[in-house]
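The next block holds one structure in the form of structure tokens; read it before the comments.
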């Protein structure tokens, strides 16, 4: 089965004025389900299309199964490509769409039909062989597009927002089916999406992209629990960001002073005194109590909004220094809070992330384009 290696890949458009992919290095392991995740325009689809051979990189090398393929045409790369809009042949029925790949490769009719039957059984559409694409639901069309890609015999599957055109319920159901299918067939898959929930649910690893660069690659748990970049902490899950500077450090811990003199203790000893930093705290890490309670990393404020969301409650708190934080807690463990009520929000030392303050400012660094 193939692995995929990208080395220093760069791609620009409009005579170099637009940098779509900027010096990307990436290794996709054999039989791995890897997702390229990021906001629209970050370069993930361009990267996928370069792997497929649909776009030629300006610089860098692409290896598939340890073979340099940077200048190979798409038909020589042995990949299956599933587009967001499926790209099924509208004048062909399901059977002809799925057997198209084997027939083009010159397989005899008997073998093409056997492959088609296997693929259609796998995607649970063996009874719709004579249906035209327009007669199928979006979910069915997605599965036919997948079956057609697999029928061509590719061991590397490239998926460009394959669930993006589906409604939320079908999308949630199909993403698990898609992962199971890829794993059952022992394929290598690269999946492009801007949906973090989708990426977290289906991926072995995720590569988070922004402005043509890969910021971090890791398992869903690694990216959530140990983000190495402010944008990753913002884009994967949700975080509260508090600006401050290192007020004191003693070798065991550091004290960070927030605006208006609020103090936070951290075990992170990376930074020196007076360094400007940003603290990121996940909403579910906060503990919220009515009234003013003393303790380490206890911050006082007033309730701005309180919402019941079924399993959780979501509360927006304006702190004494004017910052606003969001607290998410299990509904069964949280008392109802009224707007204006005074509360204490706190978090354990070490249950947060500390990042250097970005040169272009926090808002610019977190901006999703």
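The values are calculated or read from the model by the stated rules, or taken from the named source; none is laboratory data. Owing to the predicted nature of the structure, the values given are computational and were not obtained by experimental measurement. Because the Cβ atoms are built from the backbone with ideal geometry, glycine has one as well, and the counts that use them run over all protein chains shown.
I'm trying to understand the selection: among the residues of region 26-58, which are out of contact with any helix residue (DSSP H, G or I) (no Cβ under 9 Å at 6 or more places or on another chain) and outside any loop (DSSP other than H, G, I, E, B)?
Going through region 26-58, the residues out of contact with any helix residue (DSSP H, G or I) (no Cβ under 9 Å at 6 or more places or on another chain) turn out to be 27, 29-30, 32, 34, 40-51, 58.
Correct list: 27, 34, 44, 45, 46, 47, 48, 49, 50, 51.
Checking the structure you have, find out if any residue of region 32-45 is crowded, with 16+ Cβ neighbours inside 10 Å, at pLDDT 90 or above and over 16 Å from the mean Cα position of the chain (by Cα). No: zero hits.
Quick check on this structure: which one of 361, 350, 340, 310 is at positive phi and touching a strand residue (DSSP E or B) at 6+ places or on another chain (Cβ under 7 Å)? Spell out how you get there, then give the answer.
On the way: 361 fails: touching a strand residue (DSSP E or B) at 6+ places or on another chain (Cβ under 7 Å); 350 fails: touching a strand residue (DSSP E or B) at 6+ places or on another chain (Cβ under 7 Å); 310 fails: touching a strand residue (DSSP E or B) at 6+ places or on another chain (Cβ under 7 Å).
Going through 361, 350, 340, 310 in turn, the sole match is 340.
Filtering region 173-189 to residues that are in contact with a helix residue (DSSP H, G or I) (Cβ under 6 Å, 6 or more places away or on another chain) and either under 24 Å from residue 65 (Cα atoms) or not in a helix (DSSP H, G or I) (or both) leaves 179, 189.
For region 176-202, the tally of residues that are crowded, with 23+ Cβ neighbours inside 10 Å and under 18 Å from residue 80 (Cα atoms) stands at 7.
Within region 84-99, is there a residue that is touching a strand residue (DSSP E or B) at 6+ places or on another chain (Cβ under 7 Å) and either closer than 29 Å to residue 16 by Cα or at pLDDT 85 or above (or both)? It would help to see each step written out before you state the result.
Kept after step one, since they are touching a strand residue (DSSP E or B) at 6+ places or on another chain (Cβ under 7 Å), are these residues of region 84-99: 84.
If we keep only those that are either closer than 29 Å to residue 16 by Cα or at pLDDT 85 or above (or both) too, we end up with 84.
Yes - at least one qualifying residue is present in region 84-99.
Looking for whichever is within 31 Å of the chain's Cα centre (by Cα) and free of Cβ contacts under 8 Å to residues at least 60 places away in the same chain here; the options are 249, 219, 270, 193. Which one fits? Can you show your working first?
On the way: 249 fails: within 31 Å of the chain's Cα centre (by Cα); 270 fails: free of Cβ contacts under 8 Å to residues at least 60 places away in the same chain; 193 fails: free of Cβ contacts under 8 Å to residues at least 60 places away in the same chain.
Residue meeting the stated conditions: 219.
Going by the conditions given, is residue 279 part of a strand (DSSP E or B) and either in contact with a helix residue (DSSP H, G or I) (Cβ under 8 Å, 6 or more places away or on another chain) or over 25 Å from residue 314 (Cβ atoms) (or both)? No.
In this structure, is residue 301 in a loop (DSSP other than H, G, I, E, B), over 27 Å from residue 269 (Cβ atoms) and free of Cβ contacts under 8 Å to residues at least 60 places away in the same chain?
Working: in a loop (DSSP other than H, G, I, E, B): no; over 27 Å from residue 269 (Cβ atoms): yes; free of Cβ contacts under 8 Å to residues at least 60 places away in the same chain: yes.
For residue 301, the condition - in a loop (DSSP other than H, G, I, E, B), over 27 Å from residue 269 (Cβ atoms) and free of Cβ contacts under 8 Å to residues at least 60 places away in the same chain - is not met.
Among all positions in region 132-139, there is no residue which is closer than 23 Å to residue 2 by Cβ and in contact with a helix residue (DSSP H, G or I) (Cβ under 7 Å, 6 or more places away or on another chain).
Scan region 59-75 and give yes if some residue there is under 30 Å from residue 134 (Cα atoms), in the same structural domain as residue 178 (by TED's automatic domain parsing) and not in a loop (DSSP other than H, G, I, E, B), otherwise no. Checking region 59-75: at least one residue is under 30 Å from residue 134 (Cα atoms), in the same structural domain as residue 178 (by TED's automatic domain parsing) and not in a loop (DSSP other than H, G, I, E, B).
Looking across region 282-298, the residues that are closer than 30 Å to residue 250 by Cβ and assigned to a strand (DSSP E or B) come down to 287, 288, 289, 298.
Could you tell me which residue of region 306-347 is nearest to the chain's Cα centre (by Cα), considering only residues that are loosely packed, with under 15 Cβ neighbours inside 10 Å, part of a strand (DSSP E or B) and modelled with pLDDT under 95? The qualifying residue nearest to the chain's Cα centre (by Cα) is 330.
Criterion first (surrounded by 14 or more Cβ atoms within 10 Å (Cβ to Cβ), touching a strand residue (DSSP E or B) at 6+ places or on another chain (Cβ under 8 Å) and in a helix (DSSP H, G or I)) does residue 232 satisfy it?
Values: surrounded by 14 or more Cβ atoms within 10 Å (Cβ to Cβ): yes; touching a strand residue (DSSP E or B) at 6+ places or on another chain (Cβ under 8 Å): yes; in a helix (DSSP H, G or I): yes.
Yes.
Among the conditions (1) within 26 Å of residue 359 (Cβ to Cβ); (2) surrounded by fewer than 16 Cβ atoms within 10 Å (Cβ to Cβ); (3) not assigned by TED's automatic domain parsing to the domain that holds residue 26, the only one that residue 278 does not satisfy is (2).
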